Amino acid sequence: MSSEASTMGAGESIIPSRSELNVRGMTCQGCARQVREALQSVPGVASAVVDLEAQRATARWAADVPPDVQAAILAIQQAGYEALAVTGSSTTQPPQTSLLQGWALNIALGFPVTFILMLGEWGFQLAMTRWFQWLAFALATLVQFVCGARFYRGAWLQLKARSSNMDTLVALGSTTAYAYSVWAMTRHAHAYFMEAASIITLISVGHWLESRMSARAASSMKKLLGLAPAQARRRKAAGGEEWVAVAALHPGDIVSLRPGERVPTDGLVIEGESSVDESMLTGESLPVDKSSGAIVYGGTVNLNRLLTFRVTTTGEATALAQIVASVERAQNSRARIQRLGDRVSNIFVPVVIVVAILTALWWGLLPETAARTAHGLSNYLWPISLPTSTLAAAIIHCAAVLIIACPCAMGLATPAAIMAGTNAAAERGILIRDGLALEKAGTITTIVFDKTGTLTCGRPTVVEHLVLDQSLDAVALAAALARRSNHPLSQAVAKLSATDFPITDWRERAGSGLEASVSSNGTNRSFRFGSPSWLGEAGFEIPTAREFTEQWTARGATVVGLAAGRRLAALFALQDELKPEAGAVIRELQTQGHEIYLLTGDNHRSANAVGAALGIPAQNVAAEIRPEAKAAFVKSLQDRGQRVAFIGDGINDAPALEQSDLGIAVGRASDVAQMAADIVLLKSDVQAIPEALGLARATLRTIRQNLFWAFFYNALGVPLAALGFMSPILCAAAMGLSDTVVIGNALRLRWWRR
């Protein structure tokens, strides 16, 4: 998985810069999507986030690119919106907003006006009464130009950018009904002020519901952003402690953490022992013990004892910031399935305007044909009441077509589902890279597991050893050689002895072992430590060694040896315990129809023993596979027509993760920036694997449902409005609720369970 920052290890990282902009003219999530896409089109912008409620956009720039704020502002303006850079003095303050910038005033003013007009026209039959028409004119004018100001502003900005969106349709539809009503009132004819006011009011209600539901869908992101505290207790060089802003911390600072406090930034524990709750960051429910040398992550909670740690990374280089950035990238991504909706949305508004004009011409020039068609269809649908005036029928049905059409529903179908799905996944410690990963998860036929650290606990221990050369301190020599390697098997052997030797020319052979020269009594001897096949030239055919190897490999252990020159000096049997839930997860995935494969560097007997314990057929177990051969194995399955998901530990398995159709990395919070996977599991529980695949499939299913609803709504609603079966009031209600239905359907993913 790519990142805007460099690796999040100890030391100072390159922190990408960010620019914040106040944006005017956004009225719905469709507008927010346009602004986000405009920012992402600017060269150098790594990701962009738009907050509709705050009317603010944030552009994150690539680490090696200087920010070009003017280019970002220009891109937003070309998309049809106004933008202004947030000054340094206001970056921590929300932008100043007036009541006209929210939907509260529209609802508070529009609902009473609409109710009064409905009561007078429908309840007391005052539609043709002169004094009531003047009252309706005054009230409707208030709603039209106060509550409708946002729509007019948005439509004007789009017009200047030679574009159009939903604001264009709302402004045209409501203005058409209002303007005709003013003309009709001067002619003492029936006016439609009630319809004009209700259009603005009901669509405002829809936007208000949409904003509430969108905020709920994004709540996981806000929860993550709010995890890190604002201040930290930093130790002073002269002794004592002081409270400082977290932004003032630098790598190397010493920070004290009392029980119950949140960790302010990533660091390395140097004093104390405690348990830390990392559930909000990784999804792990059990606290993690921390002592000297352990890593703590910003946003997690110290539970029971005092801890002191040294700051290693700050700002957007921390694990929490990387996770937030990863979720943001996923939410800003585009799925292939979205292309059809995008193509339709691009031409939607001009097509609807043409349909509305044709509707007006049809009802105005061929009123008898239009009425006869409508009444004929009413026998199969429902009774309708048509305006008595030909001009009124043309204007009202034209306005209805403009109002009911909703390009936002199609534009939001995919982003809303991706937002809800990635947020739901983040709450479970699952990071999904992009919308394409969701689509690929729905087509997987085969799952390939790397054994170590994925299906096993990743903490092998030496269960037995056999010394063959009594003239050597073989155990201490093996431990000294292994101590310089980070491989789990080497680290296990290194714990057998603390004795060190003068070692030179130390080298590690990936997938094989270690070799070095050791000085002893003034002479240098070459040693090898690694797999039996690699040590075969060192005399591995000794009967005692063969018996030891066969005995332990039959139990599923891994055997490694130490060779001095061409002579075998010692053998070590190591076992890595299978995760308790691994077998159940394999069976669940097999039940779902997936074919399961196991890759391991162990010999065939050990590999088959592990495969048998997990319920994986022997023909699907590949043994003695070197790291560089894993990608080739995945490709061989793909060449046979299989859609392959590879599950590994992230960094060492990067080539196989890249080669696979879907890469799933079982990693750590600090590894997020280095992953080559499509999906990253921040918790080591393998039960998260079927959960991640299931949630990805559920999100893809929701995208398809949303796209179907959006197309069905417009394909059905526009013709019904053109034929006179839906009044402007009903059209406004339907249009206002269309986005809400799409977002509400996506919101169900928050409660998805296996």
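The values are calculated or read from the model by the stated rules, or taken from the named source; none is laboratory data. Note that the structure is a prediction, hence the values are computed from the model and not measured. Don't worry about glycine lacking a Cβ; one is built from the backbone with ideal geometry, like all the others, and counts go over all protein chains shown. SASA here: full protein model, heavy atoms, side chains in, ligands and nucleic acids out. Shrake-Rupley method; radii C 1.70, N 1.55, O 1.52, S 1.80 Å.
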>> Considering all projection directions equally, how large on average is the shadow of the alpha-carbon convex hull of the chain, in square nanometres?
In response: 40.3
>> Nearest 10 degrees is fine. How inclined is helix 130-142 to the longest principal axis of the chain, computing both from alpha carbons?
In response: 30
> Cα axis of helix 319-332 to longest principal axis of the chain: angle in degrees, 0 to 90, nearest 10?
Replying inline: 40
> Relative to the Cα centre, what is the charge dipole magnitude of the chain, using +1 at the beta carbon of each Lys and Arg, -1 at the beta carbon of each Asp and Glu, and rounding to the nearest 20 debye?
Replying inline: 1460
>> Between 0 and 90 degrees, rounded to the nearest ten: what's the tilt of helix 407-427 against the longest Cα principal axis of the chain?
In response: 30
>> Multiplying the sequence separation of Leu159 and Ala629 by 0.36 nm and subtracting their Cα-Cα distance, what value in nm do you get?
In response: 163.5 nm
> Taking R0 as 51 Å, what's the FRET efficiency between Leu716 and Glu581 from their Cβ-Cβ distance, rounded to 0.05?
Replying inline: 0.60
> If you take the charge dipole of the chain about its Cα centre, with +1 on Lys and Arg Cβ and -1 on Asp and Glu Cβ, which of Ala104, Ala413, Gln322 is farthest toward its positive end?
Replying inline: Ala104
>> Assuming 0.36 nm per residue, please report the length gained on full extension of the stretch Ser512 to Gln551 beyond their Cα-Cα distance.
In response: 11.9 nm
>> What distance in nm lies between label points placed 7 Å from Cα along the C-beta direction at Ser378 and Cys457?
In response: 7.7
>> Nearest 5 percent is fine: what portion of the DSSP beta bridges confined to the chain is antiparallel?
In response: 80
> In deg cm²/dmol and to the nearest 500, what is the mean residue ellipticity at 222 nm of the chain if only DSSP H runs of at least 4 residues count, each as -39500 (n - 2.57), divided by the residue total?
Replying inline: -14500 deg cm²/dmol
>> Once R0 is set to 30 Å, what does the formula 1/(1 + (r/R0)^6) return for the Cβ-Cβ distance between Gln70 and Ala108, expressed as a FRET efficiency to the nearest 0.05?
In response: 0.20
> What FRET efficiency comes out for the pair Arg483/Ser17, r = Cβ-Cβ distance, R0 = 56 Å, nearest 0.05?
Replying inline: 0.85
> Stretch Ala62-Phe501 to full length: gain in nm at 0.36 nm per residue minus the Cα-Cα span?
Replying inline: 153.4 nm
> Hey, if you drop one equal point scatterer on each alpha-carbon of the range 569-657 and run the Debye formula without solvent, what base-10 log of I(q)/I(0) do you get at q = 0.18, 0.22 Å⁻¹?
Replying inline: -0.91, -1.31
> From the residues Thr456, Leu436, Ile384, which one has its Cα farthest along the dipole of the chain in the positive direction, the dipole being from +1 and -1 charges on Cβ of Lys/Arg and Asp/Glu about the Cα centre?
Replying inline: Ile384
> What whole-number value in Å² describes the accessible area per residue of the range 420-514 for a 1.4 Å probe?
Replying inline: 39
> Under a plain spin-label model, where a point goes 7 Å from the Cα along Cα-to-Cβ, how far apart in nm are Gln638 and Val467?
Replying inline: 5.0
> Given H placed 1.01 Å from N in the peptide plane, which residues other than close sequence neighbours of Tyr597 have an amide H under 5 Å from its amide H?
Replying inline: Ile447, Val448, Phe449
>> What's the magnitude of the charge dipole for the range 546-690 around its Cα centre, counting Lys and Arg as +1 and Asp and Glu as -1 at the beta-carbon? Answer in Debye, nearest 20.
In response: 420
> Using alpha-carbon positions, what is the distance between the centroids of the range 463-536 and the range 570-618, in Å?
Replying inline: 28
